[in-house]
Amino acid sequence: MLSFQAECEQLLAQSRRHRLAIEKSRICGCFHCERFLAPHQIRRWVAGLDEAAGSPEETALCPWCGVDAVLPEWNGVYPMGVGLLRRMRGYRFGGFGRAA
């Protein structure tokens, strides 16, 4: 069983370089604004310096708040839900056990 911090760090890794996982999902969630969205609602993606536009390594930006805090439906740790988004928002942006 992973520690709270290890679980959150694993989820953070799932929130970037994830275009393929997002496109395979039925629903996604943004842990910054705590809203759910369908993959087709994502209009903006960011690529790293070594990635081309349209790359499977691109990172989604939330269509509601514009932050790169979108998780795919299945992230390998927890199923998508309000509790997951709230927990990740607290960890990443509210400082639960990690510098924001």
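Every read-out reported here was derived from the displayed coordinates using simple, explicitly stated rules and does not represent laboratory data. Fair warning: this is a prediction, and the values are worked out from it, not measured in the lab. Neighbour counts are summed over all protein chains in view; Cβ atoms, including those assigned to glycine, are modelled from backbone coordinates with ideal geometry.
What to note about this one:
- Within the stretch 1-62, strands (runs of 3 or more DSSP E) holding 2 or more residues that are within 16 Å of Gly83 (Cα to Cα): 28-30, 35-37
- Near pairs, Cβ below 7 angstrom, 6+ apart or cross-chain, from the stretch 19-36 (touching a residue at least 60 places away in the same chain (Cβ under 8 Å)) to any residue that is among the basic types (Lys, Arg) and not in a helix (DSSP H, G or I): none
- The residue that is surrounded by the most Cβ atoms within 10 Å (Cβ to Cβ), counting only those in the stretch 62-94 that are farther than 21 Å from Gln41 by Cα and without any contact (Cβ under 8 Å) to a residue 40 or more places away in the chain, is Gly90.
- Inclusion of Gln5 among residues that are surrounded by fewer than 20 Cβ atoms within 10 Å (Cβ to Cβ), within 26 Å of Gly94 (Cβ to Cβ) and within 13 Å of the chain's Cα centre (by Cα) is not warranted.
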